[in-house]
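The values are calculated or read from the model by the stated rules, or taken from the named source; none is laboratory data. Everything quoted here is computed from the prediction, not taken from an experiment. Every residue, glycine among them, receives a Cβ derived from its backbone with ideal geometry; neighbour counts consider all protein chains shown.
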Amino acid sequence: MSTSERPRVVVGLDDSPGAGRVLAAAERERRYRSAALEVVGVWRLPTSYGWVLSPNLVEDLKAHTRKAMLEAVHDALGDPMPVGVSVSVEEGHPAAVLCRVAVGADLLVVGSHGHTALPGTRLGSVSRRCAHSAPCPLLIVPVTTAADEERAAEYAHPMEHANATTYPVLADQAAQTGR
């Protein structure tokens, strides 16, 4: 950023339940930095077989994405949209688009769905790719649901729930070794 430009925060947003939390974090950063906030929604053409491409499909996908972004901004920031906040809609892979748009930005904000049940894996694919490729500082906002928290607790320490009924072999070995 040059000294004459206004600071800029870019936030990648989708229409997931946690989008409001991500946008709220980006808005806090915008106010703290007295920055412009660019809300970016990304869409892609379906790649699965069996889709019938209508003549209006591209325009429909753009319009749907833009509507979802404007609704999220309205829900999180109120109406009218605050001065310095803009919404853009881009086509492509979300991480690649966000990293491209964030060139020259002061901060990129993304959410982390982390829908995997693997222990220690809390980043989603987009946030992970942005962490490796972002051209500016990156804020990853954890976005979890109650089901995510339950799954994480279950896999965090599986032996906490072990007992002689559940794991008789392990319990026998522990008794024999004194552990």
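Find all pairs meeting these conditions: Cβ atoms under 7 angstrom apart; at least six residues apart or on different chains; first residue within the stretch 88-107 and over 22 Å from Ala63 (Cβ atoms); second residue part of a helix (DSSP H, G or I) and of a type in the set (S, T, N, Q).
Ala95/Ser133; Cys99/Ser133
Keeping to the stretch 68-87, report how many residues are under 18 Å from Leu45 (Cβ atoms) and surrounded by fewer than 18 Cβ atoms within 10 Å (Cβ to Cβ).
Adding up the residues that qualify gives 0.
If you take the residues of the stretch 1-50 that are β-branched (Val, Ile, Thr) and at pLDDT below 85, which of them is farthest from Glu91 (Cα to Cα)?
It comes out as Thr3.
Hey, among the residues in the stretch 14-41 that are part of a strand (DSSP E or B) and free of Cβ contacts under 8 Å to residues at least 60 places away in the same chain, which one's nearest to His113 (Cα to Cα)?
Restricting to residues being part of a strand (DSSP E or B) and free of Cβ contacts under 8 Å to residues at least 60 places away in the same chain, the top hit is Gly41.
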